[in-house]
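Encoded as structure tokens, the structure appears first; notes follow it.
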Amino acid sequence: MTENIVIPENILPVDGRFGAGPSKVRPEQVDALVSAQNILGTSHRQAPVKNLVGSVRSGLSNLFGLPEGYEVILGTGGATSFWDSATFNLVRSKAAHLSFGEFGSKFAAATDKAPFLDPSEIATSEPGTRPDFAAVSGADIYAWPQNETSTGVSAPVVRPEGIDEGALVVVDATSAAGGMAVDASEADVYYFSPQKNFASDGGLWLSFFSPAALERVEEIAASDRWIPDSLNLKTAVDNSRKNQTYNTPSLANLVMLDNQISWILDNGGLSWAAKRTARSSDMVYRWAEASEFARPFVERPEDRSTVITTVDFDDAVDAAEVAKVLRSHGVVDTEPYRKLGRNQLRIATFTAIDPDDVQALLTCIDEVVAQMA
Ligand SMILES: Cc1ncc(COP(=O)(O)O)c(C=O)c1O
């Protein structure tokens, strides 16, 4: 009876938040909210909030070492809303997608269904794997996630060989940005929501646009395509340049995001963050490989994410029960992606999550399974 299982307090992680997003917010970010009391509840069209947006934009530019001419563009609505914006404002006539999980498939569906575009070319693969890059005749954007949060498969950010000159590379970095290394010059649009490695809240999207992407936005805005106002990227670019968003953002989110960017920079930047997540994820994969009841879900080591780990369990051990026991001890959100339907745990190893807590979690899982036997 799993209700009777007790995990000794001394082996529990200090912080029990291992969710894939919303994810652990550091206590210092919450303190930053208290310190920002004079900004919370004030106009986003006035200097104090605009300076905060400016700090987020310059902090990101610094953190990612953005190449000359790249700009940090932001808006409300999260990455999901950005897919619709990209469909309206970035695709000239045809998109090519790598779709290897829930999130990649949603963006692919958005461009594929758009009545003003040609059908999209969508390369798919079995869950836990990813398709290879291939040039597609007539495609003017290439899109894929750097990290597929639903499966824990990651893909490189590299301009695919042989693509048409001027084709844009559009990378969903929602769960990768701030925890995985990237050469920003390999993408024309690198976009993300801040509730993952940036340990903030949902509802906002941030992105880096190359000069070619900024030009594409201008080109399509000048065409006769109808674009809904809230999804208009020219409006987002114009507002971002003024350190604003088109409509009202969550100020608390911006405060927490700004604090997390500074924290990563103060600790050594993106390479520090990438090493920290690699250390945590290595622990999980090594533990799973050595385990008698668990194994990494993603077979090819080079495809395994360093920020979202997925671990399959033998039929003899019910992973959902393990997650339930962990939850009853304050160790939360280790359940797998709901639509994947596997006997699995998914453990985020985002930058904010302490590697020592990941180690403690693994010890707790072993303890729970031993008590279940
Ligand atoms: C890779 C990826 N893309 C997009 C999204 C959607 O982000 P949001 O919920 O902020 O719209 C998520 C959310 O988990 C994600 O993991």
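Observations on the structure shown:
- Residue in the stretch 156-175 that is free of Cβ contacts under 8 Å to residues at least 60 places away in the same chain, within 13 Å of the ligand (Cβ to nearest atom), under 20 Å from Val25 (Cβ atoms) and surrounded by 24 or more Cβ atoms within 10 Å (Cβ to Cβ) present: yes
- Answer residue from the stretch 181-201, given it is surrounded by fewer than 24 Cβ atoms within 10 Å (Cβ to Cβ) and assigned to a loop (DSSP other than H, G, I, E, B) and is farthest from the ligand (Cβ to nearest atom) among those: Asp183
- Selection count where residues are aromatic (Phe, Trp, Tyr) and closer than 22 Å to Thr309 by Cα, scope the stretch 247-279: 1
- Here the condition is being over 17 Å from the mean Cα position of the chain (by Cα), surrounded by 18 or more Cβ atoms within 10 Å (Cβ to Cβ) and over 26 Å from Arg26 (Cβ atoms); of Val284, Val311, Val317, it holds for Val317 alone.
- Candidate set from the stretch 7-59 (those that are farther than 14 Å from Leu251 by Cβ and loosely packed, with under 12 Cβ neighbours inside 10 Å); member that is nearest to the chain's Cα centre (by Cα): Pro27
- Residue within the stretch 43-54 that is outside the structural domain of Val317 (by TED's automatic domain parsing), touching a residue at least 24 places away in the same chain (Cβ under 8 Å) and small (Gly, Ala, Ser) present: yes
- Among the residues of the stretch 70-89, at least one is assigned to a helix (DSSP H, G or I), at pLDDT 95 or above, in contact with a Ser or Thr (Cβ under 6 Å, 6 or more places away or on another chain) and closer than 18 Å to Ser240 by Cα.
- Scanning the stretch 67-102 for residues that are crowded, with 23+ Cβ neighbours inside 10 Å and within 12 Å of the ligand (Cβ to nearest atom) returns Gly75, Ala79, Phe82, Trp83, Ser85, Ala86, Ser99, Phe100, Gly101.
- Some residue of the stretch 44-55 being touching a strand residue (DSSP E or B) at 6+ places or on another chain (Cβ under 8 Å), part of a loop (DSSP other than H, G, I, E, B) and modelled with pLDDT of 95 or more: no
The values are calculated or read from the model by the stated rules, or taken from the named source; none is laboratory data. None of these values were measured; they are calculated from a predicted model. No Cβ is skipped: glycine too gets one built from the backbone with ideal geometry, and neighbour counts run over all protein chains shown.
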